[in-house]
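Dropping the structure in here first, questions after.
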Amino acid sequence: MDAGECSTSTKPPQPSAASTPPSPSVWARLVPADSACPVVEVAEDDSVVCSLVAPACGGGEGEEVAWCEIKRNAGDASSATIRNLSSDAIIVDGIIVKQECVGIKPGSEIVSGPQKEGHLIYTFEITEEEDHEKKNVKIVLDIENAKCSICLNLWHDVVTVAPCLHNFCNGCFSEWLRRSSSNSRDKSQSAACPQCRTAVQSVGRNHFLHNIEEAILQSFSSLQRSDEEIALLESYASVKSNIVLGKQKNQSRKRRFSRSTSDEINIPDLPCPQCRNEFGGFRCSPGAVHSQCNGCGGMMPARSNISIPQKCLGCDKAFCGAYWCSQGVNSSHCNLICNQDTFKSISQRHISALPDTVHGGNPYEKDITERCIQQSGKTLQAVISEWISKFDNMEIDRSRLQLNNVNAITSRTYICNHCYSKFIDFLLYWFRASMPRNLLPPDAADRESCWYGFMCRTQHHRPDHAKKLNHVCRPTRGNP
């Protein structure tokens, strides 16, 4: 079993209703002899059984514990293996099992303790889901890989360019294409990909990624753009179907003579503003080394003798917004320039609302943190500023901060928007983790901590598990 997975029980089936089909990943279940107790489902990616082990006393709700692990046998869909995880023995088909693994099959009787008296008796069953693996595909996607590198927001009406297969908003790329065409002297030359500078041969709408875009918005509503932004993007959008760009030369079947590298590489003329004009008392010398901005894809001179940083210390990627602002260059001089807000110091930033991605995207933990901040009588920015001061004073363990150069980062450090989101998540974790239990909201104060803490994966697809246990804590089981 992967760290962070924990099975939970389902509601007992209603006698009068048709049986509910199991969820796509469920392949087996434990049916209790006592019909008043819930059936326990066993999933492919969730093999630890966390359920009742004894009948509830006085009609109340019993405590669910992780007491065994059940895995399907490779190559034999009609059998499985069970491993005792409890501190006491269990009984499998009349055999007392301590810590070893034993085989089970449909119809096997499993007692959740060392004797039947006082413990629940389950019957193992394999569900009839013949082709669920073929019909259901789970896609894991980092949201940062679903963002347009032009506007740095989630795709809107996503288009894909060929041959490099990078993806952009329809409106962003259409406007890029229009500006590239108006600035190019050779109208027959293909536009360059905004991300990698490859000559674009064709562009078309990507309906598959459009579905992923909609699924992300359903999970993270904070990524939704305003109606004004969407209307502006759609007014720019010109890609309605697959479009071939530039003149396509007929390829000869004969093998060409080898040419020099300079003849084979056809890079569009996209110089930095200081290669053409002097700004801020500086102009690029011939052959000067340049850096490509990770945000807009534009070029800027790589200068180590200036006070304004050109790389994010959190991810070591280049960003041009702060540099061009310091040189007095704006979008009227060159359209390949990032907004200054995309790259600035931590102390210059302001936050007014919790992002949906805080606490690993767990909405229950986010809600608790919001209420804790409200109860403190402080604004979110005031809380963040207080914890930034503690961060500067080295009062916080930085081992959980998922950034590069963590020991060199201070409030004066320039970082990109993506790294700033990680930084905010880190500070709010410590804000919650250090809060005394008596200051938590009543519904959060009595929760037990999940074994896997902030690394728990079950919290992302089991709302009941995410709500029942505290996940703003360190893992106490598995590899932290």
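The values are calculated or read from the model by the stated rules, or taken from the named source; none is laboratory data. Remember, it's a predicted structure, so these values are computed and weren't measured experimentally. FYI the Cβ positions are ideal-geometry reconstructions off the backbone, even for glycines, and counts take in every protein chain you see. Note: accessible area is taken over every heavy atom of the protein model, side chains too, but ligands, DNA and RNA are not part of it. Shrake-Rupley method; radii C 1.70, N 1.55, O 1.52, S 1.80 Å.
Over 29 Å between Cα atoms, which of Lys71/Lys467; Lys105/Lys468; Lys116/Lys467; Lys344/Lys467 qualify?
The pairs that break the limit, which is 29 Å between Cα atoms, are Lys105/Lys468; Lys116/Lys467; Lys344/Lys467.
Okay, next question. Please list the non-local residues whose amide H lies under 5 Å from the amide H of Asn339, H modeled 1.01 Å from N, same-chain partners needing a gap of 5 or more.
Under 5 Å from the amide H of Asn339: no residue qualifies.
Counting Lys +1, Arg +1, Asp -1, Glu -1, what net charge surrounds Pro309 among other residues with beta carbon under 14 Å of its beta carbon? It would help to have the intermediate numbers written out before the result.
Details: positive: Arg303, Lys311, Lys317, Lys344, Arg412; negative: Asp316.
Charge balance near Pro309 sits at +4.
While we're on this one: Quick check for you: which residues of the stretch 336-357 have the amide N under 11 Å from the point 7 Å beyond the Cα of Ala382 toward its beta carbon?
Flagged as within label range: none.
Tell me the accessible surface of Glu228 in square angstrom (1.4 angstrom probe, heavy atoms of protein chains only), to the nearest ten.
Probe radius 1.4 Å; accessible area of Glu228 about 130 Å².
Counting other Cβ atoms within 10 Å, keep those with at most 13, restrict to DSSP loop, and tell me which trypsin sites (Lys or Arg not before Pro) in the stretch 153-242 are left. Don't skip to the answer; put the middle values down first.
Working: sites: Arg178, Arg179, Arg185, Lys187, Arg197, Arg205, Arg225, Lys240; in loops: Arg185, Lys187, Arg197, Arg225, Lys240.
Here the trypsin sites (Lys or Arg not before Pro) that fit, given the DSSP loop and packing criteria, are Arg185, Lys187, Lys240.
How long is the stretch 26-126 along each principal axis, judged by its Cα atoms, biggest number first, in Å?
45, 26, 21
At 1.4 Å probe size, put Val102, Val289 in order of accessible surface, largest to smallest.
Largest accessible area first, the list is Val289, Val102.
Using a cut-off of 11 Å between beta-carbons, work out the net charge of the residues near Tyr122 (Lys and Arg +1, Asp and Glu -1, Tyr122 not included).
-2
Using amide H atoms built 1.01 Å from N in the peptide plane, name the residues 5+ places from Ser291, or on other chains, whose amide H lies under 5 Å from its own.
Met300, Ala302
Determine the order of His290, His207 by accessible area, beginning with the largest, at a probe radius of 1.4 Å.
Of His290, His207, the descending order of accessible area is His207, His290.
Which of the peptides 85-91, 214-220 is most tightly packed, and how do the rest follow, going by the mean number of other Cβ atoms within 10 Å of each residue?
Per-residue Cβ counts within 10 Å, averaged per peptide and sorted highest first, yield 85-91, 214-220.
Taking H as built 1.01 Å from N, whose amide H comes closer than 5 Å to the amide H of Ser108, not counting residues under 5 places away?
Phe124
Right, something else. Would you tally the net charge around Tyr414, using a Cβ to Cβ cut-off of less than 14 Å, leaving Tyr414 out, and scoring K and R as +1, D and E as -1?
+3
While we're on this one: Which whole-Hz couplings ³J(HN,Hα) result when phi for each residue of the stretch 96-112 is put into the Karplus expression 6.51 cos²θ - 1.76 cosθ + 1.60, θ = phi - 60°, listed in order with x for Gly and Pro?
Values per residue, Gly and Pro as x: 6, 10, 9, 10, 7, 9, 9, x, 9, 9, x, x, 4, 9, 10, 9, 6 Hz.
How large is ³J(HN,Hα), in whole Hz, for each residue of the stretch 423-438 in order, when computed from phi with the Karplus curve 6.51 cos²θ - 1.76 cosθ + 1.60 and θ = phi - 60°, using x for Gly and Pro?
The phi angles translate into 5, 5, 4, 5, 5, 6, 4, 6, 4, 6, 5, 8, 7, x, 4, 6 Hz.
Further question on the same structure: Rank Ser385, Ser108, Ser304 by accessible area, highest first, at a 1.4 Å probe radius?
Ser304, Ser385, Ser108
Could you give me D for the stretch 290-347, from Stokes-Einstein at 10 °C and 1.306 mPa s, where the hydrodynamic radius is the Kirkwood radius over C-alpha pairs? Units µm² s⁻¹, please.
D = 140 µm²/s.
Ranked from highest to lowest mean number of other Cβ atoms within 10 Å per residue, what is the order of the peptides 452-463, 398-409?
452-463, 398-409
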